[in-house]
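These notes concern the structure reproduced below.
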Amino acid sequence: MMLVPVTYRGGVYRHNEIMDLIDDVGGYIVQKHVIASDVVLLCFMPKDDVDVLRAAAKPLGGEVIDSPLVGTEIAVVSMSLEIHHLPHPSCDIAEYIRRLGGKTNMVSLARGPGKRIAALNDEERDVINEHDAAIYLLGNFENCIQKKMPVLRRGINVPIVLCGGPDKEALQRIIDPPLDGYVGNVGRFMHRTKESEELGKLDEIIAETTRVLEKKRLAIAKDPISVSPARLMDIIKEKVPQILDVTSPTPLTVQMDGLRVKLPYDPFAGEIRALEIEDGIRIGDICELTPSRMRDYILLKIRPFSETNVVV
Amino acid sequence: MYAVEYFEVECPEPLGAEYYKQIANDVLLDHNLLRTIHKLHIYVDPGVPIFVAVGVLHKITSVVRVRDFAAVNPLAGKITLSLASETYLAPMLKIFLSRFGQDHVEQADRFTVVLRDVDVDPKEVEDIVVADPSESVFKDLIYALKCIAPEGFRVRRELYSKEKGKFYFVASEDTLAADVEALVRSKFDAMGEALP
């Protein structure tokens with residue numbers, strides 16, 4: 001069963017019917033937002049049943065949108081937490097991606113600013129590597145980007161989308177070896193993105209990130225993971241009730257090939273490993289659980305079919 | 001209203017100069033400094049690396065008095081001040097407390113201050129000077145220039161001549177060169193001004 005990421009937007013009225021429908025056809029709700037009288041459901045639906053959901057949403061005044069960023073966790077890497085980079089553009093970009101279903105975490109570097117003095121420490125590197133992709137937000141000068149990028153990408157093994165002030169061609173020219181994605185003309189700025197041209201640039205970042213993630217998705221599809229992360233999310237939610245007490249907006253963050261479980265590693269990792277998925281197959285058999293560098297969360301990576309010989 | 005008469009950003013990378021002009025404009029606007037600045041020349045060279053801002057300020061002659069932000073209403077043994085904005089509330093209260101004493105000054109709410117049993121003409125209360133913007137303008141300006149300059153540029157030198165109304169701000173991530181004043185002088189020359 002092929003699951004596709006979609007977003008449902010509609011009113012609170014009878015939205016439970018939509019949730020039941022998603023559940024009945026074998027879909028998964030990754031995140032639910034209730035904003036005043038509106039409901040936004042980020043979900044995975046079986047490909048053949050998306051039209052059923054569309055038909056059900058129509059009489060309720062709801063809409064179903066394809067959201068390729070649902071079920072991805074993206075690091076938005078800002079050079080520092082100073083006013084130079086926050087809240088514009090870092091927060092604008094992170095927030096825009098969130099609106100389109102992606103889960104973003106802002107990673108601000110301790111020693112990111114400067115040209116000669118810029119550096120990336122091991123904790124920052126590991127945190128970035130826990131994500132599906134990283135969006136690097138750099139400054140306005142070619143000279144600086146060229147000089148500091150080799151240091152900032154060292155040890156990063158997730159796809160990187162680079163945003164910077166110079167145009168896209170200039171970025172492609174100065175970065176060697178090439179990165180996965182580039183968005184030019186988005187460097188450092190000190191005002192809110194509200195002009196149509198600036199919003200267009202945000203859309204360009206989304207398009208480039210989507211393209212990069214699609215490429216990663218295809219690579220995963222060649223050697224499929226042993227279980228869908230959304231299914232694991234449901235199992236953990238059902239069998240580990242403590243997860244319901246976590247106040248984070250996404251206690252279980254779905255990634256493309258895993259999950260971030262926002263429970264402490266030591267007391268819960270063993271319990272999660274022992275959970276049965278189906279026919280005696282346990283989570284520990286097909287997944288690797290490691291302590292996350294982000295707080296004391298659990299990072300769960302699903303092993304591919306070639307390693308486990310199992311798809312559940 | 002005053003306007004910036006000369007505003008240039010110079011950089012070996014033309015696109016970088018364009019972005020920095022926008023950044024400088026946004027920051028100065030956010031900090032309400034555009035009306036204060038008469039001339040401004042910014043030079044950024046990420047290759048060196050160095051950031052230089054030189055400029056001339058308008059002469060600030062005005063002071064902030066109580067009447068500028070509060071209505072003074074005398075009424076049977078007390079004077080009630082209704083404030084339009086809280087910006088100068090703290091310095092005003094400080095002056096009132098030292099002049100009239102704690103027993104005679106009462107802050108009813110955020111926007112109301114009452115002076116009880118004070119032997120003073122309401123006109124005189126209206127004329128009390130609460131703040132002198134020319135004293136803090138340099139601090140505000142340096143803070144704004146720190147926001148404009150690239151973030152890693154933490155080695156700084158700054159100068160402000162209050163009499164001549166001129167300033168310069170130099171920043172780099174490396175040690176500043178010994179002859180940095182020559183560069184600053186050339187930027188003042190570009191504006192048609194002399195180094196203070």
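The values are calculated or read from the model by the stated rules, or taken from the named source; none is laboratory data. Bear in mind the structure is a predicted one, so any value in this text is a computation, not a measurement. Every residue, glycine as well, gets a Cβ built from its backbone with ideal geometry; the counts of neighbours run over all protein chains shown.
Applying the condition of being part of a strand (DSSP E or B) and not basic (Lys, Arg) to the stretch B:146-164 and asking which residue is surrounded by the most Cβ atoms within 10 Å (Cβ to Cβ) yields B:Tyr160.
For the structure I just gave you, tell me whether A:Ile236 is surrounded by 14 or more Cβ atoms within 10 Å (Cβ to Cβ), of a type outside the set (Ser, Thr, Tyr), at pLDDT 95 or above and in contact with a Lys or Arg (Cβ under 7 Å, 6 or more places away or on another chain).
Numbers: surrounded by 14 or more Cβ atoms within 10 Å (Cβ to Cβ): yes; of a type outside the set (Ser, Thr, Tyr): yes; at pLDDT 95 or above: yes; in contact with a Lys or Arg (Cβ under 7 Å, 6 or more places away or on another chain): no.
Answer is no for this residue.
Taking helices (runs of 4 or more DSSP H) as the structural unit, those lying wholly within the stretch A:247-312 and holding at least 3 residues that are surrounded by 14 or more Cβ atoms within 10 Å (Cβ to Cβ) and either touching a residue at least 40 places away in the same chain (Cβ under 8 Å) or touching a Ser or Thr at 6+ places or on another chain (Cβ under 9 Å) (or both) correspond to A:283-286. Output the residue which, of all residues in the stretch A:194-219 that are within 25 Å of A:Met2 (Cβ to Cβ) and out of contact with any strand residue (DSSP E or B) (no Cβ under 8 Å at 6 or more places or on another chain), is surrounded by the most Cβ atoms within 10 Å (Cβ to Cβ). Selected residue: A:Thr210.
Filtering the stretch A:160-186 to residues that are within 24 Å of the chain's Cα centre (by Cα), touching a residue at least 24 places away in the same chain (Cβ under 8 Å), more than 14 Å from chain B (Cβ to nearest Cβ) and in a loop (DSSP other than H, G, I, E, B) leaves A:Leu179, A:Asp180. Scanning the stretch A:50-82 for residues that are under 23 Å from A:Glu208 (Cβ atoms) and among the hydrophobic types (A, V, I, L, M, F, W, C) yields a count of 8.
Sort out which residues of the stretch A:88-137 are part of a loop (DSSP other than H, G, I, E, B) and either under 16 Å from the mean Cα position of the chain (by Cα) or in contact (Cβ under 8 Å) with a residue 40 or more places away in the chain (or both), and write them in order of number.
Of the stretch A:88-137, the ones part of a loop (DSSP other than H, G, I, E, B) are A:88-89, A:100-102, A:109-121, A:130-132.
Correct list: A:His88, A:Pro89, A:Leu100, A:Gly101, A:Gly102, A:Leu109, A:Gly112, A:Glu130, A:His131, A:Asp132.
In the list A:Lys215, A:Lys194, which residue meets the criterion of being over 30 Å from B:Asp30 (Cα atoms) and either away from chain B (no Cβ under 14 Å) or outside any helix (DSSP H, G or I) (or both)? Working first, answer last.
Details: A:Lys194 fails: over 30 Å from B:Asp30 (Cα atoms).
Only one candidate passes the filter, namely A:Lys215.
Among the candidates A:Glu208, A:Glu195, A:Glu169, the residue that is more than 18 Å from B:Leu15 (Cα to Cα) and at pLDDT 95 or above is uniquely A:Glu208.
Go through the stretch A:28-62 and report how many residues are part of a helix (DSSP H, G or I) and either closer than 30 Å to A:Ala118 by Cα or more than 23 Å from the chain's Cα centre (by Cα) (or both). Let's see the steps before the verdict.
Taking the stretch A:28-62 and keeping what is part of a helix (DSSP H, G or I), we get A:47-60.
In the following step, the residues that additionally are either closer than 30 Å to A:Ala118 by Cα or more than 23 Å from the chain's Cα centre (by Cα) (or both) were identified as A:48-49, A:51-60.
Looking only at that region, the number is 12.
Taken over the stretch B:69-83, the criterion of being surrounded by fewer than 16 Cβ atoms within 10 Å (Cβ to Cβ) and under 30 Å from B:Ser134 (Cβ atoms) is satisfied by B:Ala71, B:Ser82. Here A:Leu137 does not qualify as at pLDDT below 90 and of a type in the set (A, V, I, L, M, F, W, C).
Examine the stretch B:3-10 for a residue that is exposed (fewer than 15 other Cβ atoms within 10 Å of the Cβ) and not in a strand (DSSP E or B), and state whether such a residue exists. Checked against the condition, which is being exposed (fewer than 15 other Cβ atoms within 10 Å of the Cβ) and not in a strand (DSSP E or B), the stretch B:3-10 yields at least one hit. One residue alone among A:Arg293, A:Arg260, A:Arg273 is among the basic types (Lys, Arg), under 18 Å from the mean Cα position of the chain (by Cα) and closer than 27 Å to A:Lys222 by Cα, and that residue is A:Arg260. Filtering the stretch B:12-43 to residues that are of a type in the set (A, V, I, L, M) and facing another protein chain (nearest Cβ under 8 Å) leaves B:Leu15, B:Ile23, B:Val27.
One residue stands out in the stretch B:119-145 among those that are among the β-branched types (Val, Ile, Thr) and surrounded by 14 or more Cβ atoms within 10 Å (Cβ to Cβ): the one that is nearest to the other protein chains (Cβ to nearest Cβ), namely B:Ile142. Among residues of the stretch A:63-87 being assigned to a strand (DSSP E or B) and either farther than 24 Å from A:Leu109 by Cα or among the hydroxyl-bearing types (Ser, Thr, Tyr) (or both), the one that is farthest from the other protein chains (Cβ to nearest Cβ) is A:Val64.
Residues in the stretch B:175-185 that are assigned to a loop (DSSP other than H, G, I, E, B) and either crowded, with 16+ Cβ neighbours inside 10 Å or touching a strand residue (DSSP E or B) at 6+ places or on another chain (Cβ under 7 Å) (or both): B:Thr175, B:Leu176. Look at (1) assigned to a strand (DSSP E or B); (2) under 30 Å from B:Lys21 (Cβ atoms); (3) charged (D, E, K, R) and you find that B:Asp140 fails only one, number (1).
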